[in-house]
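Here is the structure we will look at.
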Amino acid sequence: MQIKLLARKIGHNIYEKPIGALLMLAFAIVIIILSRLYFSVSADDGQWGQFKNEHDCQLRMSKTGTQRSSWSCNDGKIYYRWRQQR
C-alpha cells in the first residue's frame with residue numbers, strides 16, 4: 001500500500017511541476033554519464049603504468065616550465081594523462 005501511495009505522490013508531483021521533473025531527470029542522466037566516464041578512465045589507469053614503462057615515456061614540461069603538460073613516448077606520440085601528472 002505504501003508503494004502505491006508513493007507512486008501516486010510522485011505522479012502528482014510530476015503532473016504539477018513538469019519542468020522540475022525534467023530537470024531532475026536530466027540531472028540524473030548527467031550523473032550516470034559522468035560516473036560511467038570516471039570508472040572507464042579508472043580501469044584504463046592500471047594499463048597506463050605498464051604502457052609508460054614499455055614505451056619509455058618521459059614527462060614533458062609546458063613552455064613556461066611550470067607545469068607538466070604531457071607524456072612523450074618512443075612511439076612518436078604525445079599522450080595527455082592528467083591523472084598521472086601529479
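Rule-based calculations on the coordinates, nothing more; no lab input. Quantities reported herein were computed from a predicted structural model and do not represent experimental measurements. As a convention, Cβ positions derive from the backbone with ideal geometry for all residues, glycine included, and neighbour counts pool all protein chains shown.
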All lysines inside 27 Å of residue 4 as judged from Cα atoms, apart from same-chain residues fewer than 8 positions distant: 17
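With charges only on Cβ, +1 for K and R and -1 for D and E, what is the dipole size of the range 1-54 about its Cα centre, in debye, rounded to 20?
Roughly 500 debye for the range 1-54.
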Under-5 Å amide H pairs with residue 70, H placed in peptide plane, nonlocal only: 60
Long-range tail of P(r) for the range 1-54 (Cα pairs > 12 Å, %): 75
